Amino acid sequence: MGRDSRTSSLFKGLLTSGIIAVAASSTQPAQVNKHSGPVDVLAVCELIAKWTSSATDVYYPFELQYVEDVSHYALSSSLDATCSVEPGSAEDVGIILAHIGLAGRVPFAVKGGGHAMNPNFSTTTGVQVSMTRFNEVHYDATAQTATIGAGLIWDNVYAALEPYGVTFLGVAGLTLGGGKFIRLWGSTSTEESSGYSWKTNQHGLVLDTVQTFELVLPTGRVINVTETSHPDLFYGLKGGFNNFGVVTRFTLKTFPQTEVWGGILEISGDYSGRVNAAVTKFYENVTDPKASLIMSYGYQDGSILLFLQLFYDAPTPPSDIFQDLLDIPADASNISTRSYLSLVQASPVSLTLGFRGYYNSIPLADLTLPLLDTVFNLTEYWGTKLAAFGSFTYSMEPFLPNILTHGGMSAYPPSRARRFLPSVLSVSWTDLENDAVMYDAAVQAAAVVIDAATAQGQDLTNASRYGNYAIYGTHVEDIYGDHLDALRVIKRLYDPSDVMGLTGGWKF
């Protein structure tokens, strides 16, 4: 089936299911105040300060809270905004959008946890909106859901839910901060997690557990988006980043949580043969959905270090699942039975905090021994080549083949017929003058792994990039595939004036 026929089929499916709800009222163009000359961003900041409620504050350079609002995990993702705004209510977010987009047409960005690794995705020289005041967690024991504010980090959410014996799927990964940062599905910013978790093998992607989005539309109107109330937006927000408005709260499923087993093993690259063989054996043979791991290859001080994050969703794993890895001599280990929150907090999230950095997505069909051996060799090559500039890491994340069967239609992934593994590389450095060198390395180092996997027989023809890992410059077609045309229709319905085009990110 060709691309045109697949796209046509997708549109028919969306229309049949009601996901594209083309109502007469929604097709009318919005009324926009157009200015004949350039708009003063500072004047828009002052208007926001004047017209929002007392729950919201505007800050300017050299004020302490301004510094917090514009700061990001990676220095390369931070810019000096004209002002920062901390909205205190969804209604005030609507007023902010009205002044930014419909009246002023000035650049802006929305920051959740501050962990977007692409420059200009959640940062701006215009108006920086920080969601830090959306920090509540409300647990509903009857519905087994929790509603969380868009400014939270995962540690806060886990801690709030721990007394109830429940948790969210959250996110996993040393590269992404061990679940420290909440990356929002829809549109609070581009710090989105679609997303992959320690519990993905059991329950699917994080977006598969969303029940409701509180969304501020580009017009300023606040709505609750569910699968039945707004099926088109519900589909688009699940992986669609900041194209439809600003998400202020999420209601998600919760799951019972006991103590877990896991932590990190740090092993010398001298044992790469044994490690690669054990990881391959795990990938090929372990079908227990409670078991998961992440394999990372890092280059530091002239040698390769192997980092293994192990996880089992119970106090004690079956003896055979991780034993091959535990038998390998480790330079350091913090493996233990612990709370889920403790496991998350055990990840060394501050290793690259305050550095400059990029991620890049490497979609793979399988983890094989030849491929892992290739990745080890490439780590040595790129680590040596970039040693004078900064650090380099590849991370491989194995998941079971059925992880996409837990959810329904969503913007990401573009197909649920086959899962691809969301592997990632990360680079970090300190000097601004090396940005271009490290960007080129991140692009080339990802491409060479994909080429090697293809040469070894993997079919990556329709493998989509994971938007939370993809480096800027990636084509949106490579993230959304045949879903892109439908997403563009939904975007035009709810944002005909392209207010959200005034901010950065993956644009439809």
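Calculate the FRET efficiency for Ala447 and Ala417 from the Cβ-Cβ distance with a Förster distance of 25 Å, rounded to the nearest 0.05.
0.50
Can you tell me how region 256-308 classifies by the Cα gyration tensor, rounded, prolate or oblate, using a/c under 1.5 as the rounded cut? Oblate, since a/c reaches 1.5 and b/c is not below a/b.
Sorting the segments 453-464, 242-253 by their mean number of nearby beta carbons within 10 angstrom, highest to lowest, gives 242-253, 453-464.
Once Rg and the Kirkwood radius are both taken over the C-alpha atoms of the chain, their ratio Rg/Rh works out to 0.96. Taken one residue at a time, the phi angles of region 296-303 give Karplus couplings (6.51, -1.76, 1.60, θ = phi - 60°) of 10, 10, x, 10, 8, 6, x, 9 Hz. Gly and Pro are set to x. Using Cβ point charges alone (K and R +1, D and E -1), the dipole size of the chain about the Cα centre works out to roughly 1280 debye.
Think of the chain as having a plus end and a minus end, set by charges on the Cβ of Lys, Arg, Asp and Glu; of Trp506, Asn201, Pro318, Trp506 sits farthest toward the positive end of this dipole. Take the Kirkwood radius over Cα pairs of region 437-498, plug it into Stokes-Einstein at 4 °C and 1.567 mPa s, and you get 94 µm²/s for translational diffusion. Summarising the label geometry, the points placed 7 Å from Cα in the beta-carbon direction at Ala43 and Asp498 lie 2.3 nm from one another. Taking the inverse of the average 1/r across all pairs of different Cα atoms in region 358-508, what Kirkwood radius in Å do you get? The Cα-based Kirkwood calculation yields 16.9 Å.
Could you work out the local net charge near Phe392, counting Lys and Arg as +1, Asp and Glu as -1, over the other residues with Cβ closer than 12 Å to its Cβ? Around Phe392, the charge tally is 0.
In this Cβ point-charge picture (+1 for Lys and Arg, -1 for Asp and Glu), region 47-158 has a dipole of about 340 debye about its Cα centre. About its Cα centre, region 369-432 has a charge dipole of approximately 340 debye under the convention of +1 per Lys or Arg Cβ and -1 per Asp or Glu Cβ, with nothing else charged. The share of accessible area on region 222-291 that comes from carbon and sulfur is 47 percent, using a 1.4 angstrom probe.
When the helix-only estimate is applied to the chain (DSSP H runs of n ≥ 4, each -39,500 (n - 2.57), divided by the residue count), what is the mean residue ellipticity at 222 nm, nearest 500 deg cm²/dmol?
On the way: 14 runs with 137 residues, N = 508.
Value at 222 nm, helices only, nearest 500: -8000 deg cm²/dmol.
Quick one: which of Lys111/Lys238; Lys111/Lys491; Lys281/Lys385; Lys238/Lys290 span more than 26 angstrom between C-alpha atoms? Violating the 26 Å limit, Cα to Cα: Lys281/Lys385. Any chance you could check the Cα centroid distance between region 397-426 and region 268-329 for me, in angstrom? After rounding, the separation between the Cα centres reads 21 Å. Over the C-alpha trace of region 74-149, radius of gyration and Dmax come out as 14.7, 45 angstrom. The calculated P(r) of region 194-339, using every Cα pair and 10 Å bins from 0, goes 10, 31, 23, 20, 14, 3 in percent. Residues whose amide H falls under 5 Å from that of Thr167, counting only those 5 or more places apart or on a different chain, are Phe255, Gln257, with hydrogens built in the peptide plane. Expressed as a whole percent, the accessible surface of region 41-80 that belongs to carbon and sulfur atoms is 61, based on a 1.4 Å probe.
Full extension of the chain between Gln323 and Thr287 yields a length gain of 11.4 nm, computed as 0.36 nm times the residue separation minus the alpha carbon distance.
Computed from backbone phi, the HN-Hα couplings of region 430-445 come to 10, 9, 4, 5, 9, 4, 5, 4, 6, 5, 4, 5, 5, 5, 5, 5 Hz, rounded to whole numbers (Karplus: 6.51 cos²θ - 1.76 cosθ + 1.60, θ = phi - 60°; Gly and Pro given as x). Residue ranges 47-53, 104-110 sort as 104-110, 47-53 when ordered by packing (mean number of other C-beta atoms within 10 Å per residue, highest first).
Packing-based ranking of 258-264, 140-146 yields 258-264, 140-146, ordered from highest to lowest mean Cβ neighbour count within 10 Å. Charge tally around Val129: other residues with Cβ under 9 Å, Lys/Arg +1 each, Asp/Glu -1 each, net -1.
On a per residue basis, the chain carries 38 Å² of accessible surface, using protein heavy atoms and a 1.4 Å probe.
Measure off, as a whole percent, the carbon and sulfur share of the 1.4 Å-probe accessible area of region 365-508, all protein chains present.
Working: 2940 of 5540 Å².
In region 365-508, the share of accessible area belonging to carbon and sulfur is 53 percent.
Counting Lys +1, Arg +1, Asp -1, Glu -1, what net charge surrounds Asp288 among other residues with beta carbon under 13 Å of its beta carbon? My count for the surroundings of Asp288 gives 0. What whole number of Å gives the distance from the Cα centroid of region 39-67 to the Cα centroid of region 463-497? Here the answer is 31 Å between Cα centres.
The values are calculated or read from the model by the stated rules, or taken from the named source; none is laboratory data. Only a predicted model underlies this, so the values are computations on that prediction, with no experimental measurement involved. Glycine gets a Cβ as well: all are built from the backbone with ideal geometry, and neighbour counts include every protein chain shown. Accessible surface is based on the protein model in full, side chains and every heavy atom, while ligands, DNA and RNA are left aside. Shrake-Rupley method; radii C 1.70, N 1.55, O 1.52, S 1.80 Å.
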